[in-house]
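To keep things clear, I will list the structure first and then write my remarks on it.
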Amino acid sequence: MQLEYFQLIDRIVALDPGSRSITVEAQVPQQSTIFEGHFPGYPLMPGVLLIEAMAQTSGWLLISLLKFERMPFLAAVKEAKMRTFVTPGETLSIEAVIAHEGSGYAMTDAKISVGGKLACNATLTFRHVPFPNPDLRGHMEAMAKRIGYPQQASS
Amino acid sequence: MMSSTFDQVATIIAETCDIPRDTITPESHAIDDLGIDSLDFLDIAFAIDKAFGIKLPLEKWTQEVNDGKATTEQYFVLKNLSARIDELVAAKGE
């Protein structure tokens, strides 16, 4: 994770268009200015960032299903539950599956596990639109390469 | 007897958006009369898609309205929305 760049996903472990599911890995950094305030002397990964990590995971799944033609944007968060504390240095396994594909929107069920134990989960809604500009698409393609996006996944 | 498409849609809207069921009529405009915004409408579309086994073509409708080829009344007045749903359900069986 590079919290300062809002890059919360380190590596795509599995992306299966058939079952419309994705699993990624992300390691919470040991050090971050965020932990100086959240909380002093008791560093915890903020719940909103865990939600964002689930959203980014879902986003890669959607980008794949949308063949890199459209960009999903987070629109709603439902039933988000922070079940355990997530602390610096922990490795997260983040999974998402499509719950519904609508016209111009989609919903996913996402969850984060730490050491095989469920840490948090949520149902997320995204609107998706054609990439608003080529820059963003290029950036997403470069990032996809960096985090090990399987090239065959969108072919 | 199966409830009508409108009744099902009205129930979905009432439950999804916490709007009193008796204020929802076939003449109600989802946006102008019931005050449902586009994000809340996604939840309604989701529930309708699930209930009727269809996919409301929201993008197409939005495009048509934006292009001036259709009015929001054609899609968002509930009796018209119900008719569109019936058409989509009928098309599914073809």
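Every number in this text was worked out from the coordinates using simple rules, so none of it is lab data. None of the values given here were measured: they were computed from a predicted structure. No Cβ is skipped: glycine too gets one built from the backbone with ideal geometry, and neighbour counts run over all protein chains shown.
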*Could you tell me which residue of the stretch A:72-82 is surrounded by the fewest Cβ atoms within 10 Å (Cβ to Cβ), considering only residues that are within 14 Å of chain B (Cβ to nearest Cβ) and either on the phi < 0 side of the Ramachandran plot or among the β-branched types (Val, Ile, Thr) (or both)?*
A:LYS78
*Go through the stretch B:50-67 and count every residue that is within 12 Å of another protein chain (Cβ to nearest Cβ) and acidic (Asp, Glu).*
1
_As an exercise: evaluate A:THR87 against (1) β-branched (Val, Ile, Thr); (2) touching a Lys or Arg at 6+ places or on another chain (Cβ under 6 Å); (3) more than 14 Å from chain B (Cβ to nearest Cβ) and give the number of the one condition it does not meet._
(2)
*Qualifying positions in the stretch B:16-46 - within 14 Å of chain A (Cβ to nearest Cβ) and surrounded by fewer than 18 Cβ atoms within 10 Å (Cβ to Cβ)*: B:CYS17, B:ASP37, B:SER38, B:LEU39
*Across the stretch A:112-137, what is the number of residues that are under 29 Å from B:ILE54 (Cβ atoms), assigned to a strand (DSSP E or B) and more than 14 Å from every other protein chain (Cβ to nearest Cβ)?*
2
*Tally the residues that are within 14 Å of chain B (Cβ to nearest Cβ) and in a loop (DSSP other than H, G, I, E, B), restricting the search to the stretch A:61-71.*
2
*Which ones in the stretch A:4-36 are buried (at least 18 other Cβ atoms within 10 Å of the Cβ) and assigned to a helix (DSSP H, G or I)?*
A:PHE35
*Answer residue from the stretch A:37-60, given it is of a type in the set (A, V, I, L, M) and outside any loop (DSSP other than H, G, I, E, B) and is surrounded by the most Cβ atoms within 10 Å (Cβ to Cβ) among those*: A:MET54
_Considering only the stretch B:66-81, I want to know if a residue exists there that is in a loop (DSSP other than H, G, I, E, B) and surrounded by 14 or more Cβ atoms within 10 Å (Cβ to Cβ)._
yes
*In this structure, is A:GLY138 surrounded by 20 or more Cβ atoms within 10 Å (Cβ to Cβ), over 15 Å from A:ILE9 (Cβ atoms) and out of contact with any strand residue (DSSP E or B) (no Cβ under 7 Å at 6 or more places or on another chain)?*
no
*Members of the stretch A:96-135 that are in contact (Cβ under 8 Å) with a residue 40 or more places away in the chain and either out of contact with any strand residue (DSSP E or B) (no Cβ under 9 Å at 6 or more places or on another chain) or of a type in the set (Phe, Trp, Tyr) (or both)*: A:PHE126, A:PHE131
